[in-house]
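Trainee: Quick one: this structure, given as structure tokens, is what I'll be asking you about.
Please treat every number below as a calculation from the coordinates, not as lab data. Model, not experiment: these values are computed from the prediction. Positions of Cβ are backbone-derived with ideal geometry, glycine not excepted, and every protein chain shown enters the neighbour counts.
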Amino acid sequence: MSSEAKYKRVILKLSGEALAGETGFGIDPTIIQSISAQIKEVVELGVEVAVVVGAGNIWRGKVGSEMGMDRATADYMGMLATVMNALALQDSLETMEVGTRVQTSIEMRQVAEPYIRRRSIRHLEKKRVVIFAAGTGNPYFSTDTTAALRAAEIEAEVILMAKNNVDGVYSADPKVDTSAKKYQQISYLDVLNEGLAVMDSTASSLCMDNDIPLIVFSITEPGNIKRAVLGEKIGTVVRGK
């Protein structure tokens, strides 16, 4: 197996649920340590790694708005929850001696740096892991869209979408439909036209327009992030039109 990385700069998209493990809520210390160890493996290959974290393990803005809460308020609460996940991941990485910076789209200087594009690129060049928190800083945008936006801004070569409940893109939910077909490769246009739940349409369009490939794979198998970075065939590749 080649130890030469296929990509030099990547964005890892972690859902909040991926941090919760089987409990589905909160942060599972074992899971976060496993993910941190996988990120460390990739950093040791010389790859520049940025991470975008979700917050579904703590709060979902959509759920809040369904409860009758103002949508913008519910979304801002979700953004704050991503900062909690980002700080937990930073702490875990730094106990493994991986230099890490958290940058937030909502300014909170006591706990993290504000997001500044040039500064984030400089951190990456110094081989620090940069964790982007608080989404885009705007309501109505998901953390998937944040990953697409930040990937375009920092000129990442690929988005690695780590899932804890599925190992790629399927034609239907494989847990519900046993005849669901797994795609090895699919276009963003097909993802949008078929309404596949890979990422929301705003994020898919942004990736398509900026020609940013996406690899969807399972985070539950240790070493998968490294395999994706080395260019091994895992999960599903989404690209182009």
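Trainee: Looking at (1) of a type outside the set (Phe, Trp, Tyr); (2) part of a helix (DSSP H, G or I); (3) within 23 Å of Gly21 (Cα to Cα), which one does Ser204 not meet, given that it meets all the others?
Mentor: Every condition holds for Ser204 apart from (3).
Trainee: Something else about it: For region 183-195, what are the residues that are surrounded by 14 or more Cβ atoms within 10 Å (Cβ to Cβ) and either hydroxyl-bearing (Ser, Thr, Tyr) or more than 20 Å from Leu206 (Cβ to Cβ) (or both)?
Mentor: Tyr183, Ser187, Tyr188, listed by residue number.
Trainee: What single numbered condition from (1) touching a His at 6+ places or on another chain (Cβ under 9 Å); (2) surrounded by 23 or more Cβ atoms within 10 Å (Cβ to Cβ) fails to hold for Thr82?
Mentor: (1)
Trainee: Tell me, which residue of region 92-125 that is outside any strand (DSSP E or B) and of a type in the set (Asp, Glu) is surrounded by the fewest Cβ atoms within 10 Å (Cβ to Cβ)?
Mentor: Glu97
Trainee: Check Lys127 against each of (1) of a type in the set (Lys, Arg); (2) out of contact with any Ser or Thr (no Cβ under 9 Å at 6 or more places or on another chain); (3) more than 23 Å from Glu232 (Cβ to Cβ); (4) in contact (Cβ under 8 Å) with a residue 40 or more places away in the chain and name the one condition it does not meet.
Mentor: Only one criterion in (1) of a type in the set (Lys, Arg); (2) out of contact with any Ser or Thr (no Cβ under 9 Å at 6 or more places or on another chain); (3) more than 23 Å from Glu232 (Cβ to Cβ); (4) in contact (Cβ under 8 Å) with a residue 40 or more places away in the chain is unmet by Lys127, namely (3).
Trainee: Same structure again: Suppose we keep only residues that are assigned to a loop (DSSP other than H, G, I, E, B) and touching a residue at least 24 places away in the same chain (Cβ under 8 Å) within region 174-201. Which one would you say is farthest from the chain's Cα centre (by Cα)?
Mentor: Pass one, region 174-201, residues assigned to a loop (DSSP other than H, G, I, E, B): 174-181, 184, 194-196, 198, 200.
Those still in the list that are touching a residue at least 24 places away in the same chain (Cβ under 8 Å) too: 184, 196, 198, 200.
On the way: Gln184: 20, Leu196: 18, Val198: 12, Asp200: 13 Å.
If we take residues in region 174-201 being assigned to a loop (DSSP other than H, G, I, E, B) and touching a residue at least 24 places away in the same chain (Cβ under 8 Å), then Gln184 is farthest from the chain's Cα centre (by Cα).
Trainee: A further question follows. From the residues in region 1-34 that are of a type in the set (S, T, N, Q) and touching a residue at least 12 places away in the same chain (Cβ under 8 Å), which one is nearest to Gln90 (Cα to Cα)? Talk me through it step by step, then tell me what you get.
Mentor: Quick first cut of region 1-34, residues of a type in the set (S, T, N, Q) only: 2-3, 15, 23, 30, 33-34.
Add one more test, that the residue is touching a residue at least 12 places away in the same chain (Cβ under 8 Å), and what stays is 2-3, 15, 33-34.
Values: Ser2: 29, Ser3: 26, Ser15: 15, Gln33: 11, Ser34: 13 Å.
The residue in question is Gln33.
Trainee: Of these, Thr104, Thr95, which one is β-branched (Val, Ile, Thr), out of contact with any Leu (no Cβ under 8 Å at 6 or more places or on another chain) and more than 22 Å from Met161 (Cβ to Cβ)? I'd like the intermediate steps shown before the answer.
Mentor: Numbers: Thr104 fails: more than 22 Å from Met161 (Cβ to Cβ).
The unique qualifying residue is Thr95.
Trainee: Just to be sure I understand the filter: pairs with C-beta atoms under 9 Å, separated by 6 or more residues or on different chains, first member in region 227-241 and more than 18 Å from Val191 (Cα to Cα), second member of a type in the set (Val, Ile, Thr) and in a loop (DSSP other than H, G, I, E, B). Which pairs pass?
Mentor: Hits for this filter: Arg227/Ile234; Ala228/Ile234; Val229/Val47.
Trainee: Something else now. Specify the residue that is nearest to Ala5 (Cα to Cα); the eligible residues are those in region 207-225 that are outside any loop (DSSP other than H, G, I, E, B) and within 15 Å of the chain's Cα centre (by Cα). Working first, answer last.
Mentor: At the first step, the residues of region 207-225 found to be outside any loop (DSSP other than H, G, I, E, B) are 207-209, 214-218, 224-225.
Checking which are within 15 Å of the chain's Cα centre (by Cα) leaves us with 207, 214-218, 224-225.
Working: Cys207: 22, Leu214: 16, Ile215: 15, Val216: 18, Phe217: 17, Ser218: 19, Asn224: 13, Ile225: 11 Å.
Result: Ile225.
Trainee: Still on this structure: Which residue pairs have Cβ atoms under 7 Å apart, sit 6 or more places apart or on different chains, and have a first residue in region 83-111 that is without any contact (Cβ under 8 Å) to a residue 12 or more places away in the chain and closer than 21 Å to Lys126 by Cα and a second that is polar (S, T, N, Q) and surrounded by 13 or more Cβ atoms within 10 Å (Cβ to Cβ)?
Mentor: What qualifies is Glu94/Thr100.
Trainee: Taking the residues in region 126-165 that are surrounded by 23 or more Cβ atoms within 10 Å (Cβ to Cβ) and on the phi > 0 side of the Ramachandran plot as candidates, determine which candidate is nearest to the chain's Cα centre (by Cα).
Mentor: Gly135
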